[in-house]
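One structure below.
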Amino acid sequence: MTTFEAGDVVDVPFPFIDARTTKLRSALALSSAEFQQQTGSCLLVMLTSAERSHWPNDVLLEDWASAGLKKPTILRWKVFTLEESLIVGKRGRCTDRDLSSIRKAMLEVFSGWSL
């Protein structure tokens, strides 16, 4: 069992709506290694090179190449949980600079929660 840390960039299979095929896509691990060990699942968020669309709170990864990504990438707040056995592997890790930007956006996205 491979354990992923929050901030790791991983490859996961994304299904196509109109076909029985999948395509490998990158995602960012949000949950801790402890969460993954306890549940067998990992909380992830979408990474995309979507150049023609924009969502509020998208985060442009400044150091995308350092994270093992092939082209400029944004983090888009499509959050999902995936069983760890479906994660193909680790591509890289976000830099502290990008993680700081992601944390700031996360606070904005989840600002409605009173904890």
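Treating r as the C-beta distance of Ala105 and Leu24 and R0 as 30 Å, the FRET efficiency rounds to 0.75. The longest part of the chain holding none of the exposed loop chymotrypsin sites (Phe, Trp or Tyr not before Pro), meaning those outside H, G, I, E and B in DSSP with at most 13 other Cβ atoms within 10 Å, is 17-109.
Note on the chain: helix-only mean residue ellipticity at 222 nm, from DSSP H runs of 4+ residues weighted -39500 (n - 2.57) and normalised by residue number, equals -5500 deg cm²/dmol.
Taken together, the values in this text are just the output of simple stated rules run on the coordinates, not laboratory data. Model, not experiment: these values are computed from the prediction. We place every Cβ from the backbone using ideal geometry, glycine too, and count neighbours over all the protein chains shown.
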